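Heads up, the thing below is written out as structure tokens.
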Amino acid sequence: MLRRTLNALTPLRDAQTPVEPAQDSLWHVLEQSVDAAFVIDSRHRVVLFNPAAEALWRCRREDVHGLPFTRLLGEVQAVGTTESTMAALMGSHRDATLLRPDGSEAACSVSMSKVVIGDHVFHTAFVRDTSDQQRQLARLRQLSIVVDSSDNAIFISSADREVVYVNSGFTRMLGYRLEELRGIKPSDLLSGPHTDGSLDERISRAMAAGEGLQTEVLLYTKAGRPLWLSAAINPVHDEDGSLLGLVSVLSDITQTKMHQVLHNKVLDALVHEWSVADVMTLICREVEHIAPELTVSIITVDSEGLMHALASPSLPEAWARKINGLPIGPRSGVSGVAAWRGRSVLVKDIASDPLCANTRHLTTPLGLRACWTHPIKSSSGRVLGTLSFYYRENRGPEELHERLADTCLHLCSLTLEREQTNERVHQLAFYDTLTGLPNRIMFSAKAEQALANVAQGNGTAAVLFIDLDRFKRVNDAQGHAAGDGLLRDVAARLSEELGGINIVGRQAGDEFVAVLPMCSAEQAGSVAERLLGAIAAPTTAGLMTLHPSASIGVAMFPDDGRDIDLLVRHADMAMYRAKRDGGSGFRFFSVDMNRLAQERVSLEAALRDALRLDQLNLQYQPQVGGCGGQQLYGVEALLRWHHADLGVIPPSRFVPVAEECGLIADLSLWVLRQACAQMADWRRRGIDIPRVSVNVSAINFRDPQLSLQISDLLDEHGLVPDDLTLEITESVMLDPDPDVLENIEAIYVLGVRLSLDDFGTGYSSLSHLHRLPISELKLDQSFVRDIDTSAIARTLTSSVLRIGESLGMKVVAEGVETESQHRFLTEQRFPVLQGYLFSPPLPPGPLEDWLQAQGYAAMRESQADAALA
Ligand code: C2E
Ligand code: MG
Ligand code: MG
């Protein structure tokens, strides 16, 4: 150290300058200084260079002693003269350039001061390396440029939330300068009507937890424009952890957020089944909220091209009322034209544009000057409505409006299309497509409601079950289109007659139902009369004029039932009774009917058992050759059921039940098998019975297997087709089912005879008779019964015989009970007779006895023909 000090002092000694004590101590102090220091003499030469300076300049003092100081320091700007450099560096903390002997440079700060010791003038220079600091400054400068050029708004606030810095992005985005923010919390300044009120609290919570906050928030610019911003707010702490302030970075996400918010809100509304008007109002409000300069309206266009205001929350209701019903067209305002053209239309000046000639009186008084309208289209391109953005200035859309329009159009068409689909689905699900009446589900729902109201008022109500008479005939004879037309007509007549608070629905097929709330039994009776009259008015189906009629059943609430299902069931029973009583009338439900219906249900169960347990049997009634011959033509197999508890149940009671409940296929097959087995048995035992007639139901003819089953049965029992006759009723001929005709043909081809039973009671047309392969007609018993008393019956009887003969059919007279009937029929030359006069239906054994007792001989076909001749 001493050596160094001496060294340091050496130049001075060399300069033969007397050394003052003050100088010595100065030298000593400088030598100890942690800052780099050097001293120059009056000739600006370095006379002292301390160790810190050696370190800074990276050289030894010997290398610089005696050198002009300008070799060590330069001015920041430019190297000038020694004097000028000196002058520039005088004073405290001047920036200068440190010049190293090794040629490198560094930024430094110099404070140079004059020291006078005795006669000597020195200058001491303290030098500090500021290159780090300078670098930092440069970085800061750069950072500031970067921060300023960012599109994001960045601001720094102190711990107490006072803004201390904003970048220029902040001013660009939000319109405020730093000065305007002084003393105001930025969240207060930027909040607006729709800002999340909890923002401040959330920031405080995050800060208290020492965490940052990342959130999306709606803030408002100085001009009041709402902006969706993504905010990243981060705390800055000093080394000991105390909060210095907050750095907040805001980025504008209005475009993406708008899309998302609109989408989410609208989809949410759709999911929650908002009405279409409410969804559209939501869209309008959201758009106006995002772009307050817009006034939005949504209009629908119906199938007739008429406009209906759907949503325009910022326009007066009177405006919407005036828009309603206006037709779209080439001059019907911006919306009307856009819908008409199917393209967007922009009118920047409503007041002068000819497109608005007819509608400007509606918009200009509201201060609306310009309008931009888009058609809302379905996915198939149909115009469903329009979306309009109105401006209060003469202007066109900006980019945000275009984005909004894009988003909204998509949502609007989704909403309107969904509405239409919903309506369609609703219509399909709850209304009958043919008549437009509520279907069973809808009717029940409405009826339940109506009955609940009636119950509340302690009133009564009537439920009507209306069934058209002979509807099937219309359908079969005139075709389904005519049938459909009749149903539509009847539906319209019912709706017209009923209407008001009454509810009409279509139950199924030709069945209609109605609920008449607050209606007494007497009133229900007169309504039923009125309905019968209305239905009976002639109507045309194709080229035909029809005279429809109906049967109506009436059940009363609450006496006949309290819920709609039961009431409809009871009204149905009453209708059934009206129908059985000849149709074209009405009946009230009675407890009796219910009993009968219940009996049918138990009968069905019993019949199933009977079939399964083989409790049925057949009796045979002989058919004898007419014209006096003692000949047996054949026997008719008639089904008998003797129930252990219920006693003898006639076929007229259980056959319809079997038909209704689907048992008839099994039942008929059982009868056919039994009859064939019996015939085979008689044949085996040499009992000559020419043929057996079996009654088959119309429904059996719908079974495509029928002819196959019959031929199998014949084969199985070694019979020939000629041994079997099938008795069918006229309804078989009228069945439109193509299988029925095919069966008839197949049975004919098989060679099994068909006999038309109960002829004269149904609605058979003669044209059917000659078109179908019928070999036998059975004149209904009712004609035979009246022969003795009625000339008409006698005429009809002989006419049927003549018709049958002329068509080459054998005519059988049924129900012959008396000798006089027998005589008349014989005189008329009826070939075959059947009735109690000859024999009742008998079990096989007694029949055999009867045959033996009577001494009948089998009548072959040829004999029967001969008998006729
Ligand atoms: P249907 O085929 O016209 O049978 C004739 C009915 O008249 C039989 O009544 C018979 O007993 C009755 N009858 C016979 N002679 C006389 C008479 O001189 N005077 C009166 N008043 N009646 C007479 P049944 O056996 O009660 O049968 C009634 C109906 O039930 C039958 O009328 C037929 O349509 C049906 N039926 C009977 N058996 C069967 C069957 O096995 N299958 C089907 N699908 N229907 C059957
Ligand atoms: Mg019969
Ligand atoms: Mg008959």
Could you work out how far apart the two model spin labels at T789 and A357 are, taking each label as a point 7 Å from the Cα in the direction of the beta carbon, and quote it in nm? 8.7
Using heavy-atom solvent-accessible surface (probe 1.4 Å) with all chains present, what is the largest-first order of R771, R182? R771, R182
Expressed as an acute angle from 0 to 90° and rounded to the nearest 10, what is the orientation of the C-alpha long axis of helix 521-536 relative to the principal long axis of the chain? 80
Working from Cα positions, state the angle (0 to 90°, nearest 10) between the long axis of helix 591-612 and the longest principal axis of the chain. 80
Would you please give the FRET efficiency between I441 and H263, computed as 1/(1 + (r/R0)^6) with r the Cβ-Cβ distance and R0 = 41 Å, to the nearest 0.05? 0.75
Figure the gain on full extension for I687 and H237 (residue separation times 0.36 nm, minus the Cα-Cα span) and round it to one decimal in nm. 149.7 nm
Name the long-range amide H neighbours of S158: under 5 Å, sequence gap of 5 or more, or other chain; modelled H, no Pro or chain starts. V163, V164, L246
Length gained when the stretch E216-V271 is fully extended (0.36 nm per residue, less Cα-Cα span): 17.3 nm
Note, E273: beta-carbon cut-off 15 Å, +1 each Lys/Arg, -1 each Asp/Glu, net -2
Could you put I184, I564, I154 in order of accessible surface area, largest first, with the 1.4 Å probe and the full protein assembly present? I184, I154, I564
Would you compute the Debye intensity of the chain from its alpha-carbon atoms alone, equal scatterers and no solvent, and pass along log10 I(q)/I(0) at q = 0.10 Å⁻¹ to two decimals? -1.13
Considering only Cα-Cα distances, which of the following residue pairs are longer than 28 Å: K579/K810; K322/K348; K377/K446; K472/K778? K579/K810; K377/K446
Residue-normalised value, i.e. accessible area per residue, for the chain at 1.4 Å probe, in Å², stands at 47
Residue-averaged [θ]222 nm for the chain, counting only DSSP H segments that reach four residues, each worth -39500 (n - 2.57): -14000 deg cm²/dmol
Taking the Cα centre of each part, how many Å lie between the stretch 460-477 and the stretch 700-718? 36
Calculate the length of the line joining the C-alpha centroid of the stretch 348-407 to that of the stretch 164-210, in whole Å. 36
Would you mind getting me the FRET efficiency between R530 and A159? Use the beta-carbon distance for r and R0 = 60 Å, nearest 0.05. 0.10
Using θ = phi - 60° and Karplus 6.51 cos²θ - 1.76 cosθ + 1.60, couplings along the stretch 805-810 (whole Hz; Gly, Pro as x): 4, 5, 8, x, 9, 8
When DSSP assigns beta bridges and you keep just the ones with both residues in the stretch 575-668, what percent turn out antiparallel, to the nearest 5? 100
Quick one: what are the phi-derived ³J(HN,Hα) couplings along the stretch 831-839, Karplus 6.51/-1.76/1.60 with θ = phi - 60°, whole Hz, x for glycine and proline? x, 9, 10, 8, x, 4, 4, 8, 6
Length gained, L428-D151, 0.36 nm per residue minus C-alpha separation, equals 94.2 nm
What are the ³J(HN,Hα) values, in whole Hz, obtained from phi via the Karplus relation 6.51 cos²θ - 1.76 cosθ + 1.60 with θ = phi - 60°, for each residue of the stretch 125-136 in sequence order, with x given for Gly and Pro? 10, 9, 10, 10, 6, 10, 4, 4, 4, 5, 4, 4
Only Lys, Arg (+1) and Asp, Glu (-1) charged, at Cβ; the stretch 616-868 dipole about Cα centre in debye: 620
Acute angle (nearest 10 degrees) that the helix 480-497 long axis makes with the longest principal axis of the chain, alpha-carbon atoms: 80
Surface share of carbon and sulfur [accessible, 1.4 angstrom probe, percent] for the chain: 52
In debye to the nearest 20, how big a dipole does the chain give about its Cα centre with +1 on each Lys and Arg Cβ and -1 on each Asp and Glu Cβ? 2680
How much of the DSSP beta bridge set in the chain is antiparallel, as a percent to the nearest 5? 80
Hey, with R₀ at 45 Å, roughly what FRET efficiency would M544 and D302 work out to, going by the Cβ-Cβ distance, to 0.05? 0.75
Sorted by chain and number, the residues with a modelled amide H under 5 Å from that of Y633, at a separation of 5 or more or across chains, are Q623, V624, G625, M859
State, as an integer percentage, the relative contact order of the stretch 150-252 based on alpha-carbon contacts under 8 Å between residues 6 or more apart. 29
Once amide hydrogens are built 1.01 Å from N within the peptide plane, the residues lying 5 or more places from L777 or on another chain with amide H under 5 Å from its amide H are L756, K810, V811, V812
For the stretch 463-508, with +1 on Lys and Arg beta carbons and -1 on Asp and Glu, the positive-most of L494, H480, I466 along the dipole: H480
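The values are calculated or read from the model by the stated rules, or taken from the named source; none is laboratory data. This one's a predicted model, so the numbers in the text were calculated from it and none came from an experiment. Quick reminder, even Gly has a Cβ in these numbers, built from the backbone with ideal geometry, and neighbours come from all protein chains shown. Surface accessibility is based on the protein's heavy atoms, side chains included, excluding ligands, DNA and RNA. Shrake-Rupley method; radii C 1.70, N 1.55, O 1.52, S 1.80 Å.
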